[in-house]
Amino acid sequence: SQTIHQWPATLVQPVGSPLSLECTVEGTSNPNLYWYRQAAGRGLQLLFYSVGIGQISSEVPQNLSASRPQDRQFILSSKKLLLSDSGFYLCARQGARGDSPLHFGNGTRLTVT
Amino acid sequence: DAKTTQPTSMDCAEGRAANLPCNHSTISGNEYVYWYRQIHSQGPQYIIHGLKNNETNEMASLIITEDRKSSTLILPHATLRDTAVYYCIVANNAGGTSYGKLTFGQGTILTVHP
């Protein structure tokens, strides 16, 4: 199974509140994991990726951070949300083979009010 | 990553083949062609990918020209559930600094009608 679990499916948070989105994956060990964001009417933007426990690479400077405390767990966080953090957040995994495609979860739709 | 050019929208009759073109004239030798689709409010779904040979799986076929500057995704018998945005992406996913850096453009909105 290459199942990707993301929760919650939808979230409404006030400006200045903290955020924690969790992603867990099943299947082969040591997958590459990714966080993408899709703003309304826009394409997907890569935020973070991880090639192993504790290893995080950030693609875009922003108000968010990521952590990978376990092999199959990837967490997206913020200490204080901004209005511009609203969007559709997607977790993805990639298999071990060099050309392996990404498989995406069903996402979390975040609205910051 | 190389850029791709896709038509903004296409229509297809249910039961007919849907042929979605993609131009990627600046593709480099180690870059693969990936196709994804996204149905409204869901995460992108992987469809198929290839390097230079034509590929087929249970969802679709991928035809890549010999010079690799363009490709066509073929859905052999389109259904209403195939209505989605289809993304053509070229990327070198083989590790190093290119991990999973898929650049999603605007894609092609495919509408399958009865």
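With the structure loaded, tell me whether B:THR103 is more than 11 Å from the chain's Cα centre (by Cα), assigned to a loop (DSSP other than H, G, I, E, B), surrounded by fewer than 20 Cβ atoms within 10 Å (Cβ to Cβ) and within 10 Å of another protein chain (Cβ to nearest Cβ) or whether it fails that test.
So B:THR103 fits the description; yes.
In this structure, is B:HIS77 surrounded by fewer than 19 Cβ atoms within 10 Å (Cβ to Cβ) and over 27 Å from A:GLN38 (Cβ atoms)?
yes
Count, please, the residues in segment B:53-70 that happen to be surrounded by 14 or more Cβ atoms within 10 Å (Cβ to Cβ), assigned to a loop (DSSP other than H, G, I, E, B) and within 14 Å of chain A (Cβ to nearest Cβ).
Going through segment B:53-70 one residue at a time, the tally reaches 2.
Would you mind finding the one in B:ALA18, B:ALA91 that is in contact (Cβ under 8 Å) with a residue 12 or more places away in the chain, crowded, with 20+ Cβ neighbours inside 10 Å and closer than 30 Å to A:ALA9 by Cα?
On inspection, the qualifying residue turns out to be B:ALA91.
Out of the residues in segment A:29-45 that are outside any strand (DSSP E or B) and open to solvent by less than 70 Å² (accessible area, probe 1.4 Å), which is modelled with the lowest pLDDT?
Selected residue: A:GLY43.
Report every pair of residues separated by at least 6 positions or lying on different chains whose Cβ atoms are under 7 Å apart, first residue within segment A:32-49 and under 23 Å from A:GLN70 (Cβ atoms), second acidic (Asp, Glu).
Sorted first by the residue in segment A:32-49, then by its partner, the pairs are A:LEU46/A:GLU59; A:LEU47/A:GLU59; A:PHE48/A:GLU59.
Among the candidates A:ARG68, A:ARG93, single out the residue that is open to solvent by less than 40 Å² (accessible area, probe 1.4 Å), of a type outside the set (A, V, I, L, M), away from chain B (no Cβ under 11 Å) and farther than 16 Å from A:PRO8 by Cβ.
Only one candidate passes the filter, namely A:ARG68.
Can you tell me which residues in segment A:9-28 are farther than 19 Å from A:SER67 by Cβ, touching a Lys or Arg at 6+ places or on another chain (Cβ under 7 Å) and either of a type in the set (Lys, Arg) or in a strand (DSSP E or B) (or both)?
If the condition is that a residue be farther than 19 Å from A:SER67 by Cβ, touching a Lys or Arg at 6+ places or on another chain (Cβ under 7 Å) and either of a type in the set (Lys, Arg) or in a strand (DSSP E or B) (or both), then A:THR10 is the only one that fits.
From the residues in segment A:96-113 that are within 19 Å of B:ALA91 (Cα to Cα) and either not in a loop (DSSP other than H, G, I, E, B) or not hydrophobic (A, V, I, L, M, F, W, C) (or both), which one is most open to solvent (accessible area, probe 1.4 Å)?
Per the stated criteria, the residue is A:ARG97.
If you take the residues in segment A:58-92 that are part of a strand (DSSP E or B) and in contact (Cβ under 8 Å) with a residue 60 or more places away in the chain, which one is farthest from A:GLY43 (Cα to Cα)?
A:SER78
Might you let me know whether segment B:26-44 holds any residue that is open to solvent by 70 Å² or more (accessible area, probe 1.4 Å) and assigned to a strand (DSSP E or B)?
No, segment B:26-44 contains no residue that is open to solvent by 70 Å² or more (accessible area, probe 1.4 Å) and assigned to a strand (DSSP E or B).
Count, please, the residues in segment B:29-52 that happen to be facing chain A (nearest Cβ under 8 Å) and touching an Asp or Glu at 6+ places or on another chain (Cβ under 8 Å).
3
Just checking, does segment A:38-47 include any residue being farther than 22 Å from B:TRP35 by Cα and either of a type outside the set (Ser, Thr, Tyr) or within 13 Å of chain B (Cβ to nearest Cβ) (or both)?
no
The values are calculated or read from the model by the stated rules, or taken from the named source; none is laboratory data. Small disclaimer: the values here were computed from a predicted structure and weren't measured. Glycine gets a Cβ as well: all are built from the backbone with ideal geometry, and neighbour counts include every protein chain shown. Areas reflect the complete protein model, heavy atoms only, side chains present, ligands, DNA and RNA absent. Shrake-Rupley method; radii C 1.70, N 1.55, O 1.52, S 1.80 Å.
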